[in-house]
Each structure stands twice: as structure tokens, then as C-alpha cells.
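Here is the structure we will look at, set down as C-alpha cells.
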Amino acid sequence: MSDKKYWNSVDHLEEEPLFVEEAQKEFSEAVPVEDFLSKSNLSDTSASRRDFLKFMGFSIGAATLAACETPVVKSIPYVVKPEEVTPGVANWYASSFSKGGTFSSILVKTREGRPIFIKANDAYPEAMSGVTARVNASVIELYDDNRYQGPQKAGTTIGWSDVDTEISKKLAAIKEKGGTVKVVAESTSSPSTLATFAKFDEMFSTETEVEVYGEDALLKGTEMVKDSCVVTFDPINYNGVLSANKADFGKAVIPTYDFSKAKTIVSIDADFLGDWLDGVTYSKGYTQRRKPEGAWMSKHYQFETMMSMAGANADVRGAIKPSDVGNVAKMLHGAVAKLAGSAGASGSLSDDDNNIAAKVNDAAKDLWAAKGKCLVVCGSNDANIQQVVNGINNLLGNYNNTIRLERAYNVVQMNDSMVDLTKNMNSGIVDAVIFMDSNPVYSNAAFAAAVSKVGLKISLADRPDESSVLCDYVCPSHFFLEAWNDYQPYTGVFTMQQPAIRPLFKTRAAQESLLRWCGVNTSYYDFIKETWTSTAFAGADALTATNKWNSAVQSGVYMGAKMAPEADLAYSGDTGAAAGNIKSTTGEWEVKFYAKQSIGNGAQANNPHLQEMPDPISKVSWDNYVTMNPSDMEGKYEIRTAQATPANVVSVTVNGHTMELPVVALPGQKRGTIGIALGYGRTETGTAGKVGVNAYPALEMKDGVAVYSSSKVSIADAGKTYQIASVQTHHTMMDRKIVNETTLSTFKAVDKNDDVNGWNKDSKLADAFGKVRPIKELNLWADHAIEKGHRWGMSIDLNSCTGCGACVTACHIENNVPVVGKDEIRRTRSMFWLRIDRYFSSDMTKEKGKTDDVGVVSMYKQMENPSDYPQVVFQPVMCQHCNHAPCETVCPVAATTHSEEGLNQMTYNRCVGTRYCANNCPYKVRRFNWFNYNKDSKFTGINPAQNELQRMVLNPDVVVRSRGVIEKCSFCVQKIQSGKLTAKKAGRPVKDGDVVSACSEACPTNAIQFGDLNDSKSSVRANFDDDRSYFMAEEVGTQPNVAYMTKVRNTENLA
Amino acid sequence: MHQESEIRYPLILGDKTYHQITEDVCAPVEGRANKLWYAAFTISVVVALWGLGCIMYTIGRGIGVWGLNTTVDWAWDITNFVWWVGIGHAGTLISAVLLLFRQKWRMAINRSAEAMTIFAVMMAALFPGIHMGRIWMAYWVLPLPNQFGSLWVNFNSPLLWDVFAISTYFSVSLVFWYIGLIPDFATIRDRATRIIPKTIYSVLAFGWSGKAKQWIRFEEVSLVLAGLATPLVFSVHSIVSMDFATSVVPGWHTTIFPPYFVAGAIFSGFAMVQTLLIIARKVVSLESYITRKHIESMNIVIVITGSMVGIAYLTELFIAWYSGVEFEQYAFLNRATGPYWWAYAMMMTCNVVTPLIFFVEKVRKSIVISFIISIFVNIGMWFERFVIIVTSLHRDFIPSNWTMFHPTFVDIGIFIGTIGIFFVLFLLYARTFPVLALNELKSILKSSGDNYKKQQH
């Protein structure tokens, strides 16, 4: 600091007294403010014109400023920063998802305390680790503002202590008089939940007198049997498999099916890649052996009614009626037994228009050739059919090889008879019913009719459903991301469910509620710990137990002791008797009820992401419908439904229940059958969930539980039309090399560039001088400098892609892709950054057109129609990040440009929205923000970004796009950046696996690989260099950074 | 003085004198409008307001109120744009190219044709604006110095070329039109009695006093501007066609587009001039000036350009087949036989087949048939653009994207609305501007006037 002093006048320098006095005044002249502002002597003021103007100027200025409202941002800084939370850095917590028969061990991504993304837990055994769309999309359900925000009594808010007192009193009264309390609960594999049930049973179970018969069938007397309070009820049950195993092995379990060991796979109406049991695990095992480069590639036969995901991926597929499932099982048993040299069951089909008999024989031959290394699964809920299938597997020696009973899949349990429960409710025996993770009023018609007879109804649901709205008390449980729990999905494999956020509302774990009501006042967390200490950690000292507990919580997984095959689980089935018991009644029409990959049993219906996710096969979103073979619709119903050609509505009566549903053409559906998805038609849920028609009331009950097919069907035209929202309105590939396909034998024997049979020829074109050159050399533009540094690329193995759609929802959640609703989808305006194209094969090909000489116009017309029983291919399509991107050259404002790392970048705030780029994109992956999805009233209740609470799920790393700009896949650029940053902080180069896009991360079958193409060791580089890789529409010269890998089917020829 | 053979059809019918020409042309400006004009004006205003309402709705809510989708990202918007630009071609062609070629018959029609050009280009320019998702950022397509750092427009983009082409064409056309108007404004000014019109026309007349020196300069400027405008006639639509030709979309990616589009533009421009003038000559009684001869001349241009367009259509088909590219082959097959076959049939019939009857002399001299055919061509040329844009986009490379386009009431409203705005402007023009280049006409009265031709005997 210098001591220099500056003076601004001589008076200042000399410090004249007058100057000093003046300098201390704020205003050099007297300002008559006081006079002017005081009311008393206002008339005496001598405010000058200047003053008046000053006051006026000030007043106007002040008034204007006051009128401008500063936007209020309600953010509260951490006073004390939690140790583990760093703003901008994500925390991952291991947890579990178990709902609706789906189980996943998961990692939950939280940002600033908010869970925003779910992916598979890599600490969980690799063979089973994966998420489905329902799992990764479930994160937005946490923020559903439709959830119960606290306990309710008859619709009004009540405190927890009051509700506990009242319920305890009522339950005590019931216990006093020896009444019955029933807990209707979903199947659970949770040891602590089961322990809770045991505690509850201790308190409330009743005893019934049962007559006991001796071996001579004479009445010996009576015995008191404890009748559990818990009624296991799943909307979609698997009692067929469980009962068959109980009969054949003495244990009602779902075994572990190991598809990775099966050289021949025969599935009879089981969509094991989709919604059947543990689909993710099966997909993983299955796709492991679908790689043509491997030592062997499995051969997959599928016999089924409707085109399922498994059917779409099958090598040989046969369409059968639901009533013929048993017959196919019998035929297969007979054929296998014949090869084994013994007599087996025999059956014949009521209707065979798809060469089933021959296919069954082929299947039997292939099964026999792979004895002990094959697998037969069946989706029927008839125990007799399942026993025949068990018989086949036993003949083939698959037990303890591909099927292991000792490691049971516990997520699905034997369901109790709803018929008995309903009967008891109607007769007034049941005094109280508690709903836990179950909604029988919606999914069981008889129950719904009887529920009013029950005196005390309590729901533990976390959000309103059809059952909870009828309840006297609602004691909402936490959402699973807020709650502690434990699971044992497979025997010996334990997982933890760890909360990733504090409960948003005044909720309480359902188990804790039950415990409280039977007098146990511990928290559920303590209860779980107790359970574990007494079981899994039994015998361990406190310190070891704590360590084990902590590591289990941290990794989310605890592996129990390794199990040896149980000797006592020997096969003792009687196939002959079972086969004799199979009754198949055919009908003019038959129906198969199924669960969609997206909606499942309907519990997650109010999830807009899941509603918008199209069905993998039909590609229809936001509805359920009747699926029908196009040949059955010919001349009666609209086959090619689109925006201007709405679907026809039919009135379907199944088992006496009539529903009006639109009818949608589904090639591959057995002629004379229809399919209807369950899980729709929810009435007591949020805006997004109230779509479609509830098909549960049409289900027939057999042995107390529902069966999912029927022959008592009649269909009539309702004379109405209905708008269907389909994301794809053209279903065939028009014989273009969009999905490149070949057979295993061709793949093995023929060079890919072979002149005649080359199955993946390099694209070449003649240049202006007639010289044939690789496409890459024919350039108008200079190459981007992409050979240095990183060059991000993606490879998609079409052999591994099952079409499940987990990548689609993962992409949407990661990138804040707006949900646009049915009407917009119907107008072909989905916002999917990543879509899965599904193509059916057609009877007409260019080759056939030439040989049959049908004429080019007619040939192309016929190509538009899928075969009645087609083959199916799936192709995930996202921005191909072309190195010569047609979109980049046409943007007038340079809003889309190429990065030095090979990315095709979209600068939203530079975009003016001419949509020229979208027109010029050969892949049509660019999406335009037609509306302001975040504000426009059309999307209220659908688009999560519109809701204060749901907005919390948005990824803070990705901007929410405004109206009028183009958006598209960015290769998850935010993840690339963070991956690079992590590597940089660690002071090392980026490794393969540091950067993984959301879709790649979500893909349970590793079909999508992401990485650096300039890294010679990356898996994506290896895939690019593979013989199978090709680029979509490469002839256009786009030079994409996404390579597809030729689909190879294990068949003789491609249909 | 210029002599013209008497066998040539006179360009001014009736025994017109210089004074009568002045009277005839000034009559609509000085007199009161008839009921027909008011009726037409009212309808046009209503339609224009409806269109403006639709535009405001679009800007207020988003492009989603149109029928576009992720596969067909342009449809009626760009169809209308190209259609209006095409219509805007005749004016400059008539005034500039025909001036250079010394075609005297242009004098009766060039003023209205140019007015039509100006208004049509205004309508055309509207669409690239409102079709933008963020019209409030539309100025970003101009290469303006800015505060965004080094952000500049993308000179590779044909849309940017469009911006330059259209704006240049519009300014040159406007200047050319205005220069031509100056002597005629002066005439009206001199005849005006009321103070307000007199003042306005005085300003518009730009101090014209009719001196020989001014006439010399007038002629020189006209010639220079004609020279400048002539290449523009060809460049504008060539550049518009490059929006499509430089893309990769099958059906767009075609080297024939520039000449084909120019021919089409002249074709549609003349058809629109025909439509307007056949009405105008009746409404403002200009039968003596816009004669059958004029109509026939325009019909000849229509049949020639129409045939060129027809050849272009056939060439496209041939090249698609000859290219051996399956996407290209299918694109054209789909145009003719796919779900939009009716649009293609409409285009073929209106643009190629019906104008062919103009090869019959009697027909091309028939005013009624000329009018009908001109309407056909207007419709056909709209469909041509629709066919090019929508049928190429709706089924391109990847079949999973294939879909249809369905216009909404907003799409239709905006299109009809621009026709309304166009007619509002044209009707106002007809009442306030000299609809014929009266001073120029006078220069040919003694060579091509009916009465003077008779006197030569």
C-alpha cells in the first residue's frame, strides 16, 4: 500500500473548514424530503420542479423494480455437508428389486440424495445379474405424487399411533372371539418377511379341525391343523410347475434352469426370454450360447400360441393352440421315449397348420442327441402337463445338469386357493383382511365381489389401488427404495434391500406394521438384523456377524453355503397318469392371456415410461388389445392399423366375461387363437395407469388358482373403431439389408465375401470412372480427424439382442427423454432416443418375385405383408454417430456438429428447429420437440418433468430440452465425460469399461457394447473387426460409429 | 420508329388513344370499387385472418399442432414454400427475361405479374420462418456478427443458401417493380385531385417529371436490373431445389432438380399469372390490353415448360431404374404405386397431361379453357411439391420408420390463409396501383395498336 494521497481541490488539500463540513454531508444541498413526505405540512413544501421529477423518477423506478419478480429457487444449502454426499458426484447403493415375480439385485444411483437410476448389481452372481425395463423404470415410481403420504382411515388422514391403537384393538377383538385374520400377500423370498409372517401367525392363526384317514382309508379321527393367516396370491401364478415338482420330487419348488448348458432348448408356450419366471437370468444363459463363434450354438425350438420374445428368437417355431400345449408335450414325450427305447405318452393335435408334428420329431431328435445337455420348459399352468414335461426332462437326464431343484427360485411361491378364501369371506368366516403388496380386488373378480363381506380391511399399499380404496385403514408402506428388506431369490443366495433415500412421506415398512399389530415393537431393520443373526450368521460372534452384515449391505449380496445336489430330490413321477389326466378342450376360438414385458401383472401400471415402452413384438404402447393372426382378420378387421386406419373393436367373451378390446394383427399368432394382455384397465391409479381393459375377470379358476388360457371364447365385431398407438406401422424389411441374417451352416462354411453365398459382403460401389471401390473411399467431404484420441463407438450383436427393451427405458431415464403419451405415439412422434425395430419376415422376397415373375409392383406390395407365421428380428436403433453425418451438413446454424471423438453432437440451444437434419437422417433417429412437453397441458400426468415431485427423478447431468429443438442419442456424452474425468483423476488412460452408455449398461445379454474404437484392446473394436459386423444403410456413405453384428440362426434355411 | 408487320396480332385492341390508355389504367385507382371487389376483399380478409390465427396458434403452442411426425418432418410447410416461390417466378421472368428478349407483349402483364411475384415471395418467405421450431431465433440463420463467440452460420447448408437466394430475389424484384412503377405513379399523381392521394403518390413517384433524361435513365436502370434479375430467375429455384438435391433422401437426391425446378417454377408462375389476369381483365375491364394474344403467348410458355417438367418426371423414373439403387428404385415405384399414388396421379394429370391440349391452337386461344387449365396447373404444381417432399420422406431407407402424413386443420388453415393474405394484398394492389405499365404501353400503341395497324393500309 502506498501512502500517496490524492486531493481533488485546493480546498481539500488545505482542509478548509467549509469544505470539511460540506464533505460530510451526503447531499451538497438541502433536500426537502422530510417536508415532502410528511403529511402535516405538505402544502408548505417548496419542492422544486426538479425535485418533483426526481421523486417521480424514483417512484417509477422503484415501482418497476418491485414489479419484476425474481424467480425464487427453493434450494437449501447444506449447513453441515453429509460426509458421503458431494454435489455433482453420484453415490451408488446396493439394493434389491422384488415385485410381481421379477427379482433383481440392483445398484441405485443417487445424486444429492435422490435416487435417479437403477442398474444391475455386479456383485450379484454374473449369471443372474441383470435388470428388465420394469426394474430400471421403477425408479420414477418413487416420486409418484399419487402415493399415500401417510396413514388413512376411511380416506381421511390419521396419525400412526392412532391407527396402530385402533387396528390393534380391532385385531385383539377378533382374536378374542377366535376370528380369522387373513394377510393377502404376494409371493416373497424375503426371509425376514417370512419371519414376520410367522410372528403374525403365532398371534392370529386359527386352527381348523381336519379329518384324518388311515392307510385303509378309514376315518381315524380328527386333528387340529394350524391355518396360516397368510394367503399367497400372485396375479400371475406358477402353481402348475410347483405342483408338478411337488408330485414328482416331493418339493414344490421352481428349479434353476441353466440355459447356458443346454444345446437343445424346447419351450412349449413358455416365454422364458420374456415374462416367464426369471427371464433375465434365462436370457443371459441363453444368449451366451447363441454366439455362432462359440464351440457350439444352441438350437431352440419354440411351440407357442402367440409370438413371444422367446418365439421371436427361436430357430424353429411352431404355432399351436393353447389347448394343444398338453398334446405337444405328450407328443414330445412319446418321441423322446421312442428314441430312448421305451413307450411314452402319445398325443395328437387338434389343429396343425404349421407342420408341428414334424417339428416335434426334429426337436425330439435334437434333444436326444444332446441328452443331459438340453432343456424342455413349458409355460402351462396345468400340473399334469408340467409333469409330462418333467418326464421328458427326466428321460433326457436333465435333472442335476440343466435343471437343479436344490437351488430353487424362491421369488415365486405356491399360491393359496383364492376360491377357498373367497368362500370363507362370503360365509363371513374371515373377519379381517390385510393386503400386502397385493391387489386382489383388481386381479380376482370373485374376491372383489366378496371383499365387502369382511369387517376389517387394511391395506399396506404404498399407493392407491383397487383394493386399498375399499379398505377401512390404509397403512402405507415405504417404496422399496426407501425401505430395508432382505431376499433369498435362489436358495443359498441372499440379497439386501437397502434404502437409498429417507422416506418421502409418512410411511412405514409393511412388515413393521404387521409386527406392531402382533405386539412386536422393534423396527423392521432391527428385526431383519435379528433374523440374520439367528439364521445366516448363527454361531458367529457379534463382531464377525456385524462385519458380515456390513459387507452384505454394502455389496447387496450374501452368498450362503454352497449346496450339493440333494439326493432325496429324486424323480418319482408318473408320466402316464399325468398324461392321462390332461384334458384338452378345443374351441372355435381360443385365448391366451399373457403379461407384457413392460406392464407385467399391472402393479406398475402408473409408470408412464413403462406404458410408453412398446410391446417387443406388437410394438404397440399404452394399451392392451386382442392379438390375432392377420389371416383371421382378413376382410373383417383392419390389419395395418395406423393413424388414419384405427383398429376395429371386438367384443370378446371369455368364460362368460365380456370385454371390448381393439384387435391388432400379430403375425405368428396361431390361427384361430387370440391373445390378451393382463395388467391393464386399472381404475384406481394415476392418469398414466388408467389405460386398457382389465382382463383378469375373464380368467378361469382351476384348483383355486387362475389359469391363463381358455377355449370358451366368442368374438363379435363391436362395430366401433379405436385408435391404437403403435411405434411401428410398417413391419417387414422389404428385403433390404437392414438386419443382416444368415444361417449357422452358411456362417461356418462360407466366406462372408463369397461371390455367390457371401453372407456379409463388403459394400462396394463403382466410382465415376467405373472403378469398384469400398464405400468408405467414395467421399465428398474430407475425413474427420478421428484416428487420434478417443473415438467412441458401439456394437450391437443381433444374436444376443432378445428385444426385451431394458435399454429403452434405461436410456430414457438416464437422458430425461420426455414421455409423450398415446396420442403423440399414434402420430408417429415418439421421443425414443433408442428404439428397437422389429421386423417380421415376409413370404415374398426379391428372389421369389423373380422366379414367380409376379411383377415388381406386386412384388413390393406383397413384401409389405408379413408371413402368417414369420421369423422375427430385433434391431436396437439409436443415433449412428456417422462420421459423415448427413445431418451435420444441412443444419443452417451449425447446431449439430462432429466432435473430435467421433460423436455427432447436438447443441440444443443453438438449434432453431428447421428439422432438415431429421429429414436427412437415413435412420430417422432425430427427435423433434413438437411441444413444450414440460408445460403443455396435453402431457400433464404423463410426462414426469411436469410434476414438482416427479421432476426429482431427472438426471441433473442432462438438460431437459425445450420446445422446438431437435434431440437425439448423445452416446451418453455425460457419462463419457465423467468416465474420462475419473480416469484423469486417477492419472491413467481411459480403460475399456470406464465409459459405458446407459443402454449398454442396462442390456442384460451384453448385446450392446460401448467403448473406444481407437483402443485396440476394447471389445467394441474387436466387434467392429469381426466378420459379422456391418453398418446399417452403409451405401449412403454415412460411415456410422455403430456396427451391427449379423444375426445367425441355427437353422437350415431362413424363412 | 419501330415498325411491326401487320400480320402480327395487335397487342392493344380497340381504337385506343394515349389518353384512353391513361383513363383505362387509372380508372380503378381513381374510381370507387364495385361490390365484387368488396366481396372478394371481405372473403380474403376473413381467410387471411384465419390463416394468421393458425400461425399464431402454431407459434404459441409448437409445431406439434401440425401433422408432421418424426419420419415426415416437412410436409405442407415446405410444399407451400416451394409452391409460392415457384409462383413468384413468372413476374421476374416476364419483366426481366422478356425485356431482354424485346418481347413487347410482356408490357400488358408485367406489372401484375411482378406484383404477384412480390406477394408470392412474401408468402413463400413466411413458411421457412414459421416452420422453425423456435421462430424467435430465426435471425440466427443470418450471418450476423454476434456475441456468442465465433458462432457463424453453416455455409454448407442449402437452407442457408435459400436465405440468401430468397432475400436477394425479393429485394431485386421489389426494386425492379418499383422502378417500373415510377412513371406510372407520376401519372396518377398528376391526375390526383385530393390532397392525401396526391401526397402519397408524389412520394411514390420519386420526383418523376417525365424529362427525356429521366426516361433515358429509366430505360438504362430497367435494362441493368433486368440483367441482374435474369440470373436470379434461374438461381432462386435452382437453390430451392438444392434443399432436396443435396440431401441423401431417395427421391430428393437427384441432379436433375435445378433445371426441373426452374421449369416447374416458370410453369406454375405463368399459370398463376394466367389465373389472376383472366380474372383481372374482366374485373377491371382490361380486355383491350390483356388480349387473347397475351393469353395465347402465356399458354405457349405453359405448354413448353409443362412438357419440360413432364420430361423431367420421366427422366427421374428412368434414372431411378438405371441407377440400380434399390432405395431410389423403390422411392419412385412407391410414388407412383404406393399409398400416395393419388397425389402422383394428380400431379401427372394436372401438370403433364392436361396442358398438352394447348398444342391445339383453338384451345390455347380459349379464355375459359385457359383459365381452367391454369387452375389445374396450380393444383398440379402444389401436388408436385407434396409428392416430392412427402412421398420421399414417408418411406425412406429403414422400413421401420415408414409412416403416413396426415395434415391437421392448422396445416390446412395456414395454407388457405396464405392464399387469403395473398389475395388481400393483390386486391389492395389492384385498387391502388397502376395495374398496367401504362407509360410503357403507350410506347407500343403506334406500332402494335389495333387502330394504328389498320391505318397502315
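Stretching the chain fully between A:T1051 and A:W160 yields a gain of 314.5 nm (0.36 nm per residue, less the alpha carbon separation). Which residues among segment B:93-125 fall inside the zone where the amide N is under 14 Å from a point 7 Å beyond the Cα of B:L223, along Cα→Cβ? Correct set: B:99-102.
So what's the projected area for segment A:931-993, the Cα convex hull averaged over all directions, in nm²? Show your work: numbers first, answer last.
Numbers: hull surface 23.3 nm².
If I average the Cα hull's projected area over directions, I get 5.8 nm².
Taking only the alpha-carbon positions of segment B:202-312 and ignoring solvent, what does the Debye formula give for the base-10 log of I(q)/I(0) at q = 0.19 Å⁻¹? Per q value, in the given order, log10 I(q)/I(0) is -1.05. Each of A:A538 and B:I196 was given a label point 7 Å from its Cα along the Cα-to-Cβ line. The distance between the two points is 10.4 nm.
Determine, from the Cβ-Cβ distance of B:E287 and B:N451 and an R0 of 22 Å, the FRET efficiency 1/(1 + (r/R0)^6), rounded to the nearest 0.05. Working shown, then result.
Working: r = 15 Å, r/R0 = 0.70.
Rounded to the nearest 0.05, the efficiency is 0.90.
Segment A:47-108 and segment A:696-735 have Cα centres lying 49 Å from one another. Three semi-axes describe the equivalent ellipsoid of segment A:541-662; taken as square roots of 5 times the Cα gyration tensor eigenvalues and ordered largest first, they are 46, 29, 12 Å. Report the percentage of all Cα-Cα pairs in segment A:735-806 whose separation exceeds 14 Å, rounded to a whole percent. Tail of the P(r) past 14 Å holds 76 percent of the pairs.
Taken about its Cα centre, chain A carries a charge dipole of about 1700 debye when Lys and Arg each add +1 at the Cβ and Asp and Glu each add -1 at the Cβ.
So if the hydrodynamic radius of segment A:877-921 is defined as the Kirkwood radius over C-alpha pairs, what does Stokes-Einstein give as its diffusion coefficient at 25 °C and 0.890 mPa s, in µm² per second?
Working: Rh = 10.5 Å.
Roughly 233 µm²/s, to the nearest whole number.
In terms of its alpha-carbon gyration tensor, segment A:255-404 comes out rounded; the largest-to-smallest axis ratio a/c stays below the 1.5 threshold. For segment A:350-399, the mean projected area of the C-alpha convex hull, equal to one quarter of the hull surface, is 4.0 nm². Which of A:K299/A:K846; B:K293/B:K454; B:K213/B:K442; A:K99/A:K506; A:K737/A:K771 have a Cα-Cα distance over 25 Å? Cα-Cα > 25 Å for A:K299/A:K846; rest within. Packing-based ranking of A:988-995, A:901-908, B:227-234, A:382-389 yields A:382-389, A:901-908, B:227-234, A:988-995, ordered from highest to lowest mean Cβ neighbour count within 10 Å. A cut-off of 5 Å between modelled amide H atoms, ignoring neighbours fewer than 5 places along the same chain, links A:F117 with A:K109. Residue by residue, segment A:109-121 carries 3J(HN,Hα) couplings of 8, 10, 10, 6, x, 9, x, 10, 7, 10, 9, 5, 7 Hz when phi is fed to the Karplus relation 6.51 cos²θ - 1.76 cosθ + 1.60 (θ = phi - 60°); x denotes Gly or Pro.
Residue by residue along A:929-939, Cβ atoms of other protein chains within 10 Å of the local Cβ number 3 on average. Looking at segment A:255-404, the DSSP beta bridges with both ends there are about 10 percent antiparallel.
Taking the Cβ of each residue in B:I7, A:I458, B:I256 as the centre, tally the other Cβ atoms inside 10 Å and list the residues starting with the fewest.
Values: B:I7 6, A:I458 25, B:I256 15.
Placing the least packed residue first, the sequence is B:I7, B:I256, A:I458.
When you restrict to C-alpha pairs under 8 Å that are six or more residues apart and normalise by the size of chain A, the relative contact order lands at 13 percent. Over every Cα atom in chain B, the radius of gyration and the widest Cα-Cα span, Dmax, amount to 23.1, 76 Å. Around the amide H of A:I106, modelled in the peptide plane, lie the amide H atoms of A:S95, A:S96, A:F97, A:N121, all under 5 Å away and 5 or more residues distant in sequence or on another chain.
Using bins of 20 Å that start at zero, the share of Cα-Cα pairs per bin across the protein assembly as shown amounts to 8, 30, 29, 19, 11, 3, 0, 0, in whole %.
Between B:E326 and A:A62, the modelled label-to-label distance comes to 7.9 nm, taking each label 7 Å out from Cα in the direction of the beta carbon. Would you please classify the overall shape of segment A:133-237 from the alpha carbon gyration tensor, given that a ≥ b ≥ c denote the square roots of the eigenvalues, rounded means a/c under 1.5, and beyond that prolate means a/b larger than b/c while oblate covers the rest? Verdict is oblate for segment A:133-237.
Per-residue Karplus couplings for segment A:230-245, computed as 6.51 cos²θ - 1.76 cosθ + 1.60 with θ equal to phi - 60°, are listed in order as 8, 10, 7, 9, 10, x, 10, 9, 10, 4, x, 4, 5, 5, 4, 5 Hz, Gly and Pro entered as x.
Sort A:I320, A:I60, A:I158, B:I43 by Cβ crowding within 10 Å, fewest neighbours at the top. Each step should come with its number before you reach the end.
Values: A:I320 26, A:I60 10, A:I158 17, B:I43 14.
Arranged by neighbour count, lowest to highest, A:I320, A:I60, A:I158, B:I43 become A:I60, B:I43, A:I158, A:I320.
Think of the protein assembly as shown as a dipole: +1 on every Lys or Arg Cβ, -1 on every Asp or Glu Cβ, centred on the Cα centre; then among A:G635, A:I429, A:L543, A:G635 lies furthest on the positive end.
Which of the chymotrypsin sites (Phe, Trp or Tyr not before Pro) found in segment A:61-151 are loop residues per DSSP with 14 or fewer other Cβ atoms within 10 Å of their Cβ? Present the calculation step by step, with values, prior to reporting the outcome.
Working: sites: A:Y78, A:W92, A:Y93, A:F97, A:F103, A:F117, A:Y143, A:Y148; in loops: A:Y78, A:Y148.
Filter output for segment A:61-151: A:Y78.
Here the simple spin-label model places points 7 Å from the Cα toward Cβ, and for A:K220 and B:F359 these points are separated by 10.8 nm. Annotation for segment A:663-688 versus segment B:273-344: alpha-carbon center distance of 49 Å. Amide H contacts of A:C378 (H built 1.01 Å from N, in plane; Pro and chain starts excluded): A:I268 sit under 5 Å, all sequence-distant by 5 or more or on other chains.
Between the alpha-carbon centers of segment B:382-457 and segment A:564-618, tell me the distance in whole angstrom. Here the two parts' Cα centres lie 64 Å apart.
Placing one identical point scatterer on every Cα of segment A:372-447 and ignoring solvent, what is log10 I(q)/I(0) from the Debye formula at q = 0.21, 0.22, 0.25, 0.26 Å⁻¹? Each listed q maps to, in turn, -0.98, -1.03, -1.22, -1.28.
The 3J(HN,Hα) values that the Karplus relation (6.51, -1.76, 1.60; θ = phi - 60°) gives for segment A:553-558 are, in residue order, 5, 5, 8, x, 9, 9 Hz. Gly and Pro appear as x.
Is segment A:588-726 rounded, prolate or oblate when judged by the Cα gyration tensor, a ≥ b ≥ c being the square roots of its eigenvalues, rounded requiring a/c under 1.5 and prolate requiring a/b larger than b/c?
Details: a/c = 1.62, a/b = 1.05, b/c = 1.55.
Cα axes put segment A:588-726 in the oblate bin.
With a Förster radius of 51 Å applied to the beta-carbon distance between A:V212 and A:A716, the computed FRET efficiency rounds to 0.45. The stretch between A:V80 and A:T907, if pulled fully straight at 0.36 nm per residue, gains 294.0 nm over its current Cα-Cα span. Remark: the A:K636-A:A986 segment gains 119.4 nm on full extension, using 0.36 nm per residue and subtracting the alpha carbon distance.
Sparsely packed loop sites in segment B:101-187 (the trypsin sites (Lys or Arg not before Pro) outside DSSP H, G, I, E and B with at most 16 other Cβ atoms within 10 Å) comprise B:R102. Shown for A:E482, A:E634: other C-beta atoms within 10 Å of each C-beta, ranked fewest to most, produce the order A:E634, A:E482.
Å³ per residue of the Cα convex hull, for segment B:25-112?
On the way: hull volume 12.8 nm³, N = 88.
Cα-based convex hull of segment B:25-112, divided per residue, equals 146 Å³.
Quick one: putting +1 on the C-beta of Lys and Arg, -1 on the C-beta of Asp and Glu, what dipole do you get for segment A:588-726 around its Cα centre, in Debye to the nearest 20? Kindly include the intermediate steps, with their values, before the conclusion.
Working: 12 positive and 13 negative charges, 26 e Å.
Computed charge dipole of segment A:588-726: roughly 120 debye.
Can you pull out the trypsin sites (Lys or Arg not before Pro) in segment A:135-181 that DSSP calls coil and that have at most 14 other Cβ atoms within 10 Å?
Details: sites: A:R147, A:K153, A:K169, A:K170, A:K175, A:K177; in loops: A:R147, A:K177.
When the trypsin sites (Lys or Arg not before Pro) of segment A:135-181 are filtered for loop state and at most 14 Cβ neighbours within 10 Å, A:K177 remain.
Laboratory data are not the source of any read-out in this text; all were calculated from the coordinates shown. Predicted model, so just to flag it, every value in this text is computed and none were measured. Note: ideal-geometry Cβ built from the backbone for every residue, glycine included; neighbour counts use all protein chains shown.
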